Amino acid sequence: MTGADGGDDRDGRTPAERRIPGPRAAADDRAFLPPADVPPAAAHVPEALPHRVLKSLLGAWALAACSAEETAAVEKHLTGCARCADEALRLRDAVGLLHSDGTLDLDPMLRSRVLEGCLGRRPARIPVPDWAAPYDAETARLDALLRDIGDSEWHAPVRLKWFEDDRQVNRRTTVAGVISHLMAVDGLVSRALGLDDPLGSGDTPLSPTERTESYWSAARRPPTRTVREPWRDQSHALVRTVSFAGRGVAELSVPYGGFALPLHDSLLERAFECWVHGEDIAEAVDYPYEPPAAAHLNRMIDLAARLLPATLAGRRRAGLAAPARQLVSAGAPGRSLHLEVEGRGGGDWYIALDSPAALGSPDHTVAQVALDGVEFCRLVAGHVPPVEAAAGQEGDREAIRDVLFAAASLSRL
């Protein structure tokens, strides 16, 4: 320390004369270091190391475990040896992966989760029916998304969209609210199969919208991530039940209030809803989410195309579409619209325009609409306005408008 009057230190040197020693070298580095009292210019410079020795030091260099002289020799060598430079770069990248902020300890609950997952799977010897495969795939994809999101993201706002009376409406909920909505509507399939209904066994509504509103209003508090397990168990039970039931169950009627679908179409419709709301959730939590497999998407498009004639007839009765132009007997071909779907899941469909009982035919086409498969599904989901959906239109403009708006009216909460 310096005296109070700024004089000499205790060893007789002024502060400017003191020398601060450098860090002490490792014991095995002493052979390369000059004595402390020898000036740097007089230090001994080791001879150049051979290539094989320098190559053997690359691992230690990447771990910063070389002495100062070895480090200098290796780095000088790397400027002139491309092969060693490439190897050194790979070793440095590998060392970077080892320096993780996360713990390397295994999650203590990992074993129980693995066992639960194994025991929860249906035996591989019981195949899922081909017509139930889209529902099985879409519920599994959505479950994988839900597994990856954090606790707070279950409360992220989600805006559900659909069409009513030719206008787009929406309803604000959360990620957990979307899953409870899916579970409430899937309960219609559960009831048809004799399984437990999440709304209970009493006089519950059959309309999907009424069931959802009833389920949301009955909850004492907003839904949380705890809804994932009952939804997951319900979807597993549905797949397991139809897998064991055999072929006859595919035609079982599932009532939706104002209409009914056979079970094979009902599960396809539920797969479609699962994908659409999976995209809603993924958008809310900024998570990538792909469309369904092409074969499954094709079936979803086919279901919507088959429902369009009856939907168009219902809109006519409500005064929302132009009247039919031809009287067509059951099974006879009438005017048709050619729906050309491109891209993933694409194909050609001929939509009967004048009667739900008529047959669409390429020989009686009065209009054509071309659009992408995913875009068509988003139109059916009520996420795309009808006036913006079609990429190509040709022919009867009135028929094109009626079919596009009928497609959007297939959507609902």
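Among the conditions (1) under 23 Å from D265 (Cβ atoms); (2) part of a helix (DSSP H, G or I), the only one that D363 does not satisfy is (1).
Does A294 meet the test of being farther than 15 Å from L410 by Cβ and either aliphatic (A, V, I, L, M) or touching a strand residue (DSSP E or B) at 6+ places or on another chain (Cβ under 6 Å) (or both)? Criteria met by A294. Can A140 be described as modelled with pLDDT of 90 or more, under 27 Å from the mean Cα position of the chain (by Cα) and small (G, A, S)? Yes: the conditions hold for A140.
Among the residues of the stretch 185-222 satisfying the criterion of being part of a helix (DSSP H, G or I) and among the hydrophobic types (A, V, I, L, M, F, W, C), which is nearest to F163 (Cα to Cα)? Walk me through how you get there before you give the answer.
We begin by selecting, within the stretch 185-222, every residue part of a helix (DSSP H, G or I); these are 185-192, 208-218.
Narrowing the set further to residues that are among the hydrophobic types (A, V, I, L, M, F, W, C) leaves 185, 188-189, 192, 216, 218.
On the way: V185: 18, L188: 22, V189: 24, A192: 27, W216: 21, A218: 26 Å.
It comes out as V185.
The listed residues are E164, E251, and the only one of them that is out of contact with any helix residue (DSSP H, G or I) (no Cβ under 9 Å at 6 or more places or on another chain), over 21 Å from A284 (Cβ atoms) and not assigned by TED's automatic domain parsing to the domain that holds L404 turns out to be E164.
Exactly one residue out of L252, L193 is touching a strand residue (DSSP E or B) at 6+ places or on another chain (Cβ under 8 Å) and farther than 24 Å from S409 by Cα: that is L252. Search the stretch 383-409 for residues being assigned to a loop (DSSP other than H, G, I, E, B) and touching a Leu at 6+ places or on another chain (Cβ under 6 Å), and hand back the single one that is surrounded by the fewest Cβ atoms within 10 Å (Cβ to Cβ). Ranking the candidates gives A391 first.
The values are calculated or read from the model by the stated rules, or taken from the named source; none is laboratory data. A quick note: this is a predicted structure, and the numbers were derived from the prediction, not measured. So basically every Cβ, Gly included, is an ideal-geometry build from the backbone, and we count neighbours across all protein chains shown.
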